[in-house]
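Enquirer: Attaching a single structure in structure tokens format; questions to follow.
Throughout, read-outs are computed from the coordinates displayed, never taken from laboratory work. Worth saying up front: this structure is predicted, and the values here are computed from it rather than measured. Please note: Cβ atoms are built from the backbone with ideal geometry, for glycine as well, and neighbour counts cover all protein chains shown.
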Amino acid sequence: MTRILTAKPLFLSVAVLAAATTAHAGTYEFTAGDVGGTWYTTAAGISALVHEKAPDITMKTVPGGGVSNPSKVDKGDSQFGLVQSIFAVAAVKGADPFTGKPHQKLRLVADDLAINYLHMVKAADDTTTFANILDGKRKIGIPKSGSTDEYSFRYVMDYYKTTYAKLKADGKIFNAGYTDLASSFKDHQIDYVWVLFGLPSSMVLDASEGRAVGLVSFPDDLRQHLSKTYGYGQKVIPAGTYQFLKQDVSVLTTATSLYSSTDVPDDVVYQVVKVLCENTGRLPEIHKSLSDFSCKDAAGTGAVALHPGAAKYYRERGFLK
């Protein structure tokens, strides 16, 4: 009788412990960017870190894109995704490029993981002005359709009153993955490469290994227009960021943030946020662009609702009221 009474609480405690440690077990798809790009590297690194610290959570990194990721997460095709700030806000509002389709399940997990800088890579001795680069006489390499890089280029074309139809008619647009863009630039098959990356960009470093390169500064009127119209930030790529860069270059920026959906269990998201916030020192090992991530600011501005699991963690830490 005594053994039964003492064994029963032990049995219950073990059962409760087992339930607590397996409540968030599972495999979750994590949509990123093109293989070889900063986003893919970032997502793969975060996935490995989460699995190391929370072994019952497996995050499988898959290729994605800046425009496609919000929809993939909202529809449940992927459970986590890296999303640019400008597109997250547009997605929940149902604004361009998500016109008429408000994303009701998209939720913020961690804001401002990294700041991404638009680069226009050129040959070192090229003195062409930014506007003239789009005059239809030069070959421009751009990532695949649906990426934030590519969609940002559409905004630039709109500003300069040109179109893909006009540029592609003359064979001046080359869409490809980052690795192929770097190779094509080094082989002189294209004159410019338009990409969006954290600093420093491995793709830009790759391109500079086989050809003397530089970066094009964005004119003030273009920066002001895209900032006011679409919410881009304005920063400089500091001199010395790349060995070839001898002076600051004025560019536009967006923030990379982590999103999930209301369908993902709260405890799963809680564990993911906990790993990120309690291992910030490990994040720069994944990519240098994550160096400035601060959990104090990760709850965002309220423009996109927080996932309840993330809100619980930030509230416990005093980062959210």
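Enquirer: Rounded if a/c is under 1.5, else prolate if a/b is larger than b/c, else oblate: which is the stretch 91-139, with a ≥ b ≥ c the root eigenvalues of its Cα gyration tensor?
Expert: oblate
Enquirer: For the chain, give me the percentage of DSSP beta bridges that are antiparallel, rounded to the nearest 5 percent.
Expert: Approximately 65 percent, going by the DSSP bridge assignments.
Enquirer: Quick check on the stretch 157-239: take the gyration tensor over C-alpha atoms, sort the square-rooted eigenvalues as a ≥ b ≥ c, and tell me if it's rounded (a/c under 1.5), prolate or oblate.
Expert: oblate
Enquirer: Based on the mean of other beta carbon atoms within 10 Å per residue, what is the order of 33-45, 297-309, most packed first?
Expert: Ranked from most to least packed, the peptides come out as 33-45, 297-309.
Enquirer: What does the highest-first list of 69-75, 95-101 look like by mean Cβ count within 10 Å?
Expert: Listed from highest to lowest mean packing, they are 69-75, 95-101.
Enquirer: If we count every other residue with Cβ under 12 angstrom of ALA91's Cβ, Lys/Arg +1 and Asp/Glu -1, where does the sum land?
Expert: After counting each charged neighbour, the total is +4.
Enquirer: Taking the highest mean first, how do the peptides 140-148, 279-287 order by number of other beta carbon atoms within 10 angstrom per residue?
Expert: The packing order, highest mean first, is 140-148, 279-287.
Enquirer: Would you mind working out the magnitude of the charge dipole of the chain relative to its Cα centre, with +1 at each Lys and Arg C-beta and -1 at each Asp and Glu C-beta, to the nearest 20 Debye?
Expert: In debye, rounded to 20, the chain gives about 580.
Enquirer: Towards the positive end of the charge dipole of the stretch 101-257, with charges on Cβ (+1 Lys, Arg; -1 Asp, Glu), say which of PRO102, SER184, GLY240 has the farthest Cα.
Expert: Result: PRO102.
Enquirer: Relative to the Cα centre, what is the charge dipole magnitude of the stretch 210-321, using +1 at the beta carbon of each Lys and Arg, -1 at the beta carbon of each Asp and Glu, and rounding to the nearest 20 debye?
Expert: Approximately 220 debye in magnitude.
Enquirer: Within the set LYS72/LYS166; LYS144/LYS312; LYS228/LYS312; LYS60/LYS101, which residue pairs have Cα atoms separated by over 29 Å?
Expert: LYS72/LYS166; LYS144/LYS312; LYS228/LYS312
Enquirer: Mark the label point 7 Å from the Cα of ALA212 along Cα→Cβ and return the residues of the stretch 122-147 whose backbone N is within less than 12 Å of it.
Expert: 123-126
Enquirer: So for MET120, MET203, fewest C-beta neighbours within 10 Å to most, what's the order?
Expert: Fewest to most other Cβ atoms nearby, the residues stand as MET120, MET203.
Enquirer: Is the shape of the chain best called rounded, prolate or oblate, per the rule: a/c under 1.5 gives rounded, else a/b larger than b/c gives prolate, else oblate, with a ≥ b ≥ c the square roots of the Cα gyration tensor eigenvalues?
Expert: prolate
Enquirer: Along the Cα→Cβ direction, 7 angstrom out, place labels at THR129 and MET157. What is the inter-label distance in nm?
Expert: Reported label-point gap for THR129 and MET157 is 2.2 nm.
Enquirer: Express in nm, to one decimal, how much length is gained between LYS166 and LYS101 on full extension, taking 0.36 nm for each residue of separation and deducting their alpha carbon distance.
Expert: Once the chain is fully extended between LYS166 and LYS101, it gains 20.5 nm.
Enquirer: Using a simple spin-label model with points 7 Å from Cα along the Cα→Cβ vector, what separation in nm is obtained for ASP56 and ASP187?
Expert: About 5.0 nm, to one decimal.
Enquirer: What 222 nm value per residue comes from the helices of the chain, counting each DSSP H run with n ≥ 4 as -39,500 (n - 2.57) and dividing by all residues, nearest 500 deg cm²/dmol?
Expert: One gets -12000 deg cm²/dmol as the mean residue ellipticity at 222 nm.
Enquirer: Count neighbours as other Cβ atoms within 10 Å of each site's Cβ, and list the trypsin sites (Lys or Arg not before Pro) in the stretch 191-259 that are DSSP loop with at most 12 such neighbours.
Expert: Listed in order of number, the matching sites are LYS246.
Enquirer: Quick check: Cα centre of the stretch 46-98 to Cα centre of the stretch 193-248, how many Å?
Expert: Between the Cα centre of the stretch 46-98 and that of the stretch 193-248, the gap is 25 Å.
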